[in-house]
Structures are given as structure tokens and as C-alpha cells.
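Taking it in order: structure first as C-alpha cells, then the write-up.
The values are calculated or read from the model by the stated rules, or taken from the named source; none is laboratory data. Note that the coordinates shown come from a computational prediction; the quantities given were computed from them, not determined experimentally. Cβ placement follows ideal geometry from the backbone for every residue including glycine, while neighbour counts extend to all protein chains displayed. What goes into the accessible areas is simple: the full protein's heavy atoms, side chains included, and nothing from ligands, DNA or RNA. Shrake-Rupley method; radii C 1.70, N 1.55, O 1.52, S 1.80 Å.
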There are 2 protein chains.
Amino acid sequence: MASKISLNIGMFGCGTVGGGVFELLHNPKKISHLRAIGVDAVISKICVQNVAKKRDLQFLSEQKTRFTSSYADILEDSSINCIIELMGGVTDAKHVVFEAIKKGKHVITANKALVANFMPEIVKLLEENPSVRFGYEASVCGGIPIIHTLQNAYSGDEITEIAGIMNGTTNYMLSKMEHEGIAYDAVLKEAQDLGYAEANPSADVDGFDVQSKIAILAKLGFGGVVKPDQIPTVGISRISTVDFEYAKMMDSTIKLLGVAKLLKPGNAETQTPPEVAVYVSPVVVPRSNVIANIGGATNLVNVRSSNLANSAYVGQGAGRFPTANSVVNDVIQLARGEAPFDPFKSSRAVTLQPDFEAHFFVRIKITDGVGIIRAIGQHAEAANVSIYSILQSPIVDRKNVEFVVTTDLTTLSRVRQMCQNIIKLDFVQEEPLFIPIL
Amino acid sequence: MASKISLNIGMFGCGTVGGGVFELLHNPKKISHLRAIGVDAVISKICVQNVAKKRDLQFLSEQKTRFTSSYADILEDSSINCIIELMGGVTDAKHVVFEAIKKGKHVITANKALVANFMPEIVKLLEENPSVRFGYEASVCGGIPIIHTLQNAYSGDEITEIAGIMNGTTNYMLSKMEHEGIAYDAVLKEAQDLGYAEANPSADVDGFDVQSKIAILAKLGFGGVVKPDQIPTVGISRISTVDFEYAKMMDSTIKLLGVAKLLKPGNAETQTPPEVAVYVSPVVVPRSNVIANIGGATNLVNVRSSNLANSAYVGQGAGRFPTANSVVNDVIQLARGEAPFDPFKSSRAVTLQPDFEAHFFVRIKITDGVGIIRAIGQHAEAANVSIYSILQSPIVDRKNVEFVVTTDLTTLSRVRQMCQNIIKLDFVQEEPLFIPIL
């Protein structure tokens, strides 16, 4: 049925993941295994910035693989029928991916920012070039086969929520803060020293990495393109050890989650698109939830759907071989003629609802005084927020008191309004931190 | 690339899962969605024992779907190009599946016992009929896409261990025993009253259900056929609330696991097959392990591999729609021409090693006296087992004392030997319970 394709591959980029992909495809033991399962694939050209740089590539044979620094050397080579893009970024990577599709070359990429930001353009190019297959398993949660799973396992089902821990660096940091009580700045420095976090850690700690990933998963889950920059995104930089102390009182912990949620199904007859809420935020997660027990650099994606109820996928979110393995799985699927012809699934409109309902955890920093609870209560009431509980550790320093208010079910916009009111109170020292409770 | 197939389906069996499959394929809303993703499939005949029985089938149109009680009515119908087998059992089900393959009809089945027990025969029949595709996603862990995942996500990787909670009934029972301290007999009765356990609960509580499932996963993980009846299998019927008390002292719980483990990779040059150990047993699982936190009827499969390190897949193990969804995913894959041509992956020999290494938890029931620890210690030493710890709750009844010995890393056979020695001691009341520690 499916017809196999011999792949002559041009790879762009040859860093950590690229070296892993090369090894998995060129190791003689792997080759014979791949042959046995019907895969014939060779990386014949690798485009790198500096051809002269010494590389630690195992199994490199210069008869088979040539380095180049020219994009055209791969893009204009009609014998190359597939590219693997591992350059990152959205300028040059966009150029080579778009040109490759136009030239009828299959594309496999690990580039979440490219996929998330240019999905409509990629979908359109693929429609114009229907013979081209596009694999991007490695773009979300390195070692978890979540793209293939969402492409396949939910085709006859209706997804209602996708939520997960999709950034190993911040999960490592939050786990450290929770278990060892280390302050945010110290744990960030440690993560940087270990090479987990970048010198400029913004993509991780401000949630932009998760933003791209949840945009991609939202497309697969709900059919509609959600622009990453439209996703309300809060990172972890304001989370402090005191938040973990309060979360612990609630038998909970705090995790940075990407969440995409169906608020209201669409109606085909009235052509009403489904309403979805998508956000990235630290979330208070009850200990009893499996998400709370995912520590360190591990990732988890939890999918709710009408047929399967609740399913979770857990694995390494990054790293050389987990990510390379996902790239190679796309290579295998493509070579065996089993790659889907609709990698982004059906395209339909969705209405992105900026607001969503949840219980919220609101941490308020004040100078102690009298009438505080009454004043907070008034402002909550004015914003139409009902308070569920007030948590207060024994006060050590009356000038710096941090306490937590949890709300009944309400909306993000109401809680934001409440916090904007509260900040105007004299005794309140800074804008309250407000994060949802799962 | 992949060529689509219009499926005219004959379904055998129409109980809980069959009704779900029918609904997912014949609901007009689902049909239009399936059409949109390139799936054209109709169930035109359903074979049931009693055609006259009133069935609660939604979306049944008698123009489209006819009931029959004759196997031949489907098998001899050349317009039917696919069967879905949901009869269960291994006699009639074997007949219809084998005949269908011989007649060039694609097969989709949820029958774990059939697949596990007749894998070599099925593989051979598929080799003789290379156009036939064989889907069995629903046969293991209803709602978890573990078959497709093992078929696809690990093709370029090397799996070293597959372990999981694969039986919801026993996991429900063990969770109840742990959290509510209910005795085994009472919790079994409750599970039977709720319809979770059969009147004859042996398939669940004695581990045979898990035995079939781990045999199937072992084939996908390691390439070799493992006969279910060669898998050392221990059920949960000897687990008592006291075991949970001792597990709790170890900050652990007890789960019934199916485990398939690579002990020694094969060597292609010397044609030495890989050595694997496969077993079903209650296992002491540390609380920190994600497996310990899977409660109730949920299933989990954990896969260790060289590229991905550790991945876990969590979801509903059974139930109408989770299982029907897996059947429908096979239908979709097949109709879109994306079903694998090697559903059982490469066939190679494996050596099933009946013994395996682990730390063990040994519960010994005695009449209290003097010199007991010394005697136990002697027998452990005689069997070459090193004791790691001895756990003893305060003794209430000196005539019935249960205490636990945990061992250093040793082998199943040595622990068995030790227990066979111990049972001969006068003060020992029954054969000790011995289960591995994860």
C-alpha cells in the first residue's frame, strides 16, 4: 500500500541534535536495522556556518557525506529529496524550509518557533505542494512522541484539553525550589552553571518556549491556528519559595504549564467555531495529580478527550538522543511511506478566548496593619470574585507579610481586576501574584 | 504516497466495545469528520450469536448494516475487505481471523489472548498474504496507544525495559486495599458487585490478563515471540493489607506489574540472541516512582530505551469508548493507507531467561519463638541470599506474627530456594510471599 522512498538527505545545522541524528542514521548497526524495516536514508550533505570546524561526528565517511556552508548547495541539488532543519531561529531556517517545500523536498524540522509562528504559511505551501511531507515531531517535547500521537490516536475522538509540563529547565528549577527551598535567583544561577539555562534565560523562564509548544499542540488538538503572541503567557520569575510553602498547605505544588482548553465546542450548522482558551502560566497542582509528581527535566503532556477520558505522555523533553530519536522517527515514517498527508490535521477557525475560568491562588505582599482582610474582601467583592480561603503563615516580619487568598471559581479577567484594585491600597507593597489552581 | 482504501467492514461481536465502535463509525457527525480526514468506512454486516436480540445501537440504519449469525456470511462475502473481531476467546475468534487473512481481508482485533497465543501463526499468515494489514491496538491497555507507539516511536532506538500496570481491575483492588485497609476478599467482592471483576476473577487476579499483554509488548519491544504460558506469573490473591503496611514503612506501595526486561543484548556476529526476562508479579514500588501514583482503573506503561531514557504512557485501560477508540484508530490508519506492513516488527529469536535479578520483599508468617531470625538468616545464607533489612511491626498476637525481610540484589531462583528452605522450619506457618522491589 504505502510506497517506500529512498531518502537522500541534506541536513542544515550540526550541533548537539544534528550529531545525534547523524549517529542514529549512519551507525552501521543502525543502518542494517533500518534497512530491515524498509528504511533507506543517507545524509549526503550537511550545511554548517563553518566548514573548517572540527566536529566530533561518529561514523562520518567523507565519500558519503559532504559539508557545505551554502544553502543553495542543498536546496538546488535535485538529487536531495529531503531536508532536516536543525538550525533554529526563524529567519534563515524559514528560508531553507520554505524553499525546500517549493522545490518538492520533504522537510523534517525540530524548530518549534518556526512551526508555531508560520503555521498558516507552512500549511498553505504544503497544499500547493501536495507531494511534500512535513515532519516536526522533534519540535515539541523532544523524547515524547506527542505530535504523532495527536496526529493519530485522536482522529476519531474529540480533544477537550491539552496541558503539560513542556520545559525541562523551568521544571528543574521549580523542583529545586520546592524540595531544597532554594531562592529563585540562586536556582537560576545553578541551572545556568549546569548548562540547563541560557545566559539569557528569558525563552525558558518567561514561558516563550512553552508558548510555541502549546500553540503547536493547540493546532493539532483543536484544528485552529493560535498565534503564539496572542497566548497569555506568564513565566516563573515571580515564583518564590514562599509560594511553595503555601502550595504545600494546600497539599499541592507549582508547575509551569502550557494549557489549551476547549471552552465551547463549535457548531457546524451555524458555522460557529469552537472557543478555546490557551495560556502559559505557573499553576498550583494538587499532589494527587500525576503532573505534580513529574520532577526535574522530565516533560509530561496530559490530554483529555471524550473517548479516552484522560491520557498522559511522559518522557525526556530535550537532550541529544531523545530529540534526535524524534527526528529519526520522522525519517523512518517518511521513508516507509507512512508519513501523514495532513501533518497539521484539519484546518478550521477557532475563537481564542482570552479569558478562562479557574480557581486562583493570589499571593499578596503587605505591611501588616488593621482592616486588611476587610479591605481585600471589599476589592474582591467589587471585582465580583468570591474568596474561598485565606492562608497565612505565622508572621515573622510585620513589615513584610505575604499571605495567600484562594478564590472560588472565577475568571482570569475578574482576578486581574481584583489585583489591579488591591495594588492601589496603601499597605500593599507590590502587584499581587495570581496563578490558576488546577 | 499512501493509497487510501474504502473499507467495507464485517464485525464479529457486538457487545460493549462493538457498540462503541459502531457509534464512532456511524454517527453522522463522526462520518463527516472521518470523510474530511480521508476515511471511508462502513460496517455492513455484524455477526452475533442471537440475531433476534434487541440491541441498543445508536445510528443503526437497516439499509446499511445487516445482522447475521453465520461466520461464512462475512468470510465468504468478497465485497467485505476488512473484519473487526471483538468476540474474544481463542477458538471461534481464531477461525474467523485466520480465514479472513487467508481470504485477503484486513483484520482489526481487540483480542489479546488470540494475538498473544498465536503470534507465530499470525505472523506467518501475514507473510503469506502480504497485502493484508493487521491492527491490534485495542488488545493491550484499551485507551493507551501503546501498540502504535511501540511500532513507531522506537524504530531507531533500543528498548531495554517495558513495565506497566496493565490491569485496571487489580489496580482498583490494590488501591482500595492500600487506602482503605480493606481485606482482599472484601475488596474482590466489591469489585465483583461493581462489575469490575468477573464472577470467576481468575484472569484478572491471577495475572493471566497481564500475561497476554506483556507477551505482546515483549514481541514489539524485543522482536522475539514469548509464549504466555512460559511467563512466570504471580497474581494478587496472596497480597494482604499487612503487605501494604510494610510497603508503607519502605515509603512504597504494591502494584501488579507486567515486566519485560532486556538482560543482555544480542550479538549479530555470533548470532547470539538477546536475553530477556518477562514476568508478571505484584511489585513493591517506591512512592517517588510515577507508577506508584497511578490509582484506580488507570493503566500505565513505562518504556526504557537507549535514546529516550524513560517514557511513560498513562490512560484508561478498558471501557467502551477507550477501547472502541483504539479499534477506530486502526480503522483510520488502515483506510488512510498508513497501516504498517510489519505490525509485529522484526522477527528474531530471543532467549527467555526464567531468572532475573532484583531486590525482594519476603513476608514470612510464623508462630513467635526464639532463634527465629538466626534460623531465617541461616537459610538465606544457604541459598546465597544477603538480607538487607528486617521489618517488624509491634507484635499483637504471638501465635500469628508476620514480618518482612528485604534482600540485597539477588535472583528470583535464589529467593525461591530460600523460601523453600524456610517453609520447612517448624515455626513457619505457610510458604513465604516473595515479590520483587522496583
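Within the same chain, aspartates and glutamates fewer than 8 places from A:Lys4 are excluded, and of the rest, those with a Cα less than 14 Å from its Cα are A:Asp40, A:Asp330, A:Glu338, B:Glu338, B:Asp342. With the label put 7 angstrom out from Cα along the Cα-to-Cβ vector, B:Asn384 ends up 7.5 nm from the copy partners, going from closest to farthest. Put a label point 7 Å from Cα along the Cβ direction on B:Gly195, then list its distances to the equivalent points in the other copies in nm, shortest first. Ordered by increasing distance: 5.6 nm. Could you compute the longest span of chain B free of GluC sites (Glu not before Pro) located in DSSP loops and having at most 14 other Cβ atoms within 10 Å, not counting the site residues? Longest site-free region, per DSSP loop and neighbour criteria: B:270-429. Annotation for A:Thr367, label-to-label distances across the other copies: 7.8 nm (shortest first, one decimal, point 7 Å from Cα along Cα→Cβ). Neighbouring Cβ atoms from other chains, within 10 Å of the Cβ of residues in B:310-319, number 6 on average.
Here the calculated FRET efficiency for B:Glu128 and B:Asn27, from their Cβ-Cβ distance with R0 = 45 Å, stands at 0.75, rounded to the nearest 0.05. For the residues of B:143-154, the average number of beta carbons from a partner chain within 10 Å of their own beta carbon is 5.
Going by a ≥ b ≥ c, the root eigenvalues of the Cα gyration tensor, does the range B:259-383 fall in the rounded group (a/c under 1.5), the prolate group (a/b larger than b/c) or the oblate group?
Since a/c reaches 1.5 but b/c is at least a/b, the shape of the range B:259-383 is classed as oblate.
Show that you can apply the helix-only estimate: for the protein assembly as shown, add -39,500 (n - 2.57) for every DSSP H stretch of four or more residues, divide by all residues, and state [θ] at 222 nm to the nearest 500. Don't skip to the end; give the middle numbers.
Details: 30 runs with 296 residues, N = 876.
Rounded to the nearest 500, the figure is -10000 deg cm²/dmol.
Which entries in the list B:Lys189/B:Lys255; B:Lys54/B:Lys102; A:Lys105/B:Lys105 go over 24 Å, if you measure between the two C-alpha atoms of each?
Values: B:Lys189/B:Lys255 19 Å; B:Lys54/B:Lys102 33 Å; A:Lys105/B:Lys105 35 Å.
From B:Lys189/B:Lys255; B:Lys54/B:Lys102; A:Lys105/B:Lys105, over 24 Å: B:Lys54/B:Lys102; A:Lys105/B:Lys105.
Compared with the direct C-alpha span, the chain from A:Ala349 to A:Lys189 gains 53.3 nm at full extension, assuming 0.36 nm per residue.
Rounded to 0.05, the FRET efficiency of the B:Asp251 and B:Val370 pair, given R0 = 41 Å and the Cβ-Cβ distance, is 0.85.
If one computes the Cα centroid of the range B:1-77 and of the range B:192-237, what distance in Å separates the two points? First find each Cα centre; the distance between them is then 29 Å. Mean separation of Cα pairs under 8 Å and 6 or more residues apart, divided by the residue count, gives chain A a relative contact order of 17 percent. Take the alpha carbon gyration tensor of the protein assembly as shown, find the square roots of its eigenvalues, order them as a ≥ b ≥ c, and report rounded if a/c is under 1.5; if not, report prolate when a/b exceeds b/c, else oblate. Since a/c stays below 1.5, the shape of the protein assembly as shown is classed as rounded.
Do you know the relative contact order of the range B:125-246, to the nearest whole percent, from alpha carbon pairs under 8 angstrom that are 6+ apart?
Reported as a whole number, the value is 27 percent.
Remark: accessible surface ordering of A:Val314, A:Val234 (largest first) is A:Val234, A:Val314, probe radius 1.4 Å. Within the same chain, lysines fewer than 8 places from B:Lys53 are excluded, and of the rest, those with a Cα less than 22 Å from its Cα are B:Lys45, B:Lys64.
To the nearest 10, the accessible area of B:Asp209 is 20 Å² with a 1.4 Å probe.
In this view, the solvent-accessible surface of B:Val90, computed with a 1.4 Å probe and all protein chains in place, comes to about 50 Å². Overall, the range B:142-241 carries a charge dipole of about 200 debye about its Cα centre when +1 sits on the Cβ of Lys and Arg and -1 on the Cβ of Asp and Glu, all other atoms neutral. Charges were assigned to the Cβ only: +1 to each Lys and Arg, -1 to each Asp and Glu. The resulting dipole of the range B:336-438 about its Cα centre is roughly 100 debye.
The heavy atoms of A:Phe222 offer some 10 square angstrom of accessible surface to a 1.4 angstrom probe. Of B:Met87, A:Met173, the order by accessible heavy-atom surface (1.4 Å probe, DNA, RNA and ligands excluded), from most exposed downward, is B:Met87, A:Met173. Ranking B:Leu308, B:Tyr246, B:His33 by Cα position along the charge dipole of the protein assembly as shown, where only Lys, Arg, Asp and Glu carry charges on their C-beta atoms, puts B:His33 farthest toward the positive end.
Computing FRET efficiency as 1/(1 + (r/R0)^6) for A:Leu57 and A:Ser79, where r is the C-beta to C-beta distance and R0 is 22 Å, gives about 0.55. Computed on protein heavy atoms with a 1.4 Å probe, the accessible areas place A:Arg55, B:Arg363, B:Arg374, B:Arg66 in the order B:Arg374, B:Arg66, A:Arg55, B:Arg363, largest first. Of the residues B:Ser131, B:Cys141, A:His179, the one whose Cα sits farthest towards the positive end of the charge dipole of the protein assembly as shown is B:Ser131 (charges of +1 on Lys and Arg Cβ, -1 on Asp and Glu Cβ, taken about the Cα centre). In order along the range A:203-218, phi translates into HN-Hα couplings of 4, 6, 6, 8, x, 5, 4, 5, 4, 4, 5, 5, 5, 5, 5, 4 Hz, rounded to whole numbers, per the Karplus curve 6.51 cos²θ - 1.76 cosθ + 1.60 with θ = phi - 60° and x for Gly and Pro.
Taking Cα pairs under 8 Å and at least six residues apart, what relative contact order does the range A:43-132 come out at, in percent? It would help to have the intermediate numbers written out before the result.
Details: 96 pairs, mean separation 21.3, N = 90.
Relative CO of the range A:43-132 lands at 24 percent.
Averaged over peptide A:27-38, how many Cβ atoms belonging to another chain are found within 10 Å of each residue's Cβ? Present the calculation step by step, with values, prior to reporting the outcome.
Details: counts 1, 0, 2, 3, 0, 1, 6, 2, 0, 5, 8, 4.
Partner Cβ neighbours, averaged per residue: 3.
Taken about its Cα centre, chain A carries a charge dipole of roughly 840 debye when the Cβ of each Lys and Arg holds +1 and the Cβ of each Asp and Glu holds -1. For chain B, a Gaussian network of Cα nodes joined below 10 Å ranks B:Leu334, B:Leu194, B:Leu257 by mean-square fluctuation, and the top entry is B:Leu194.
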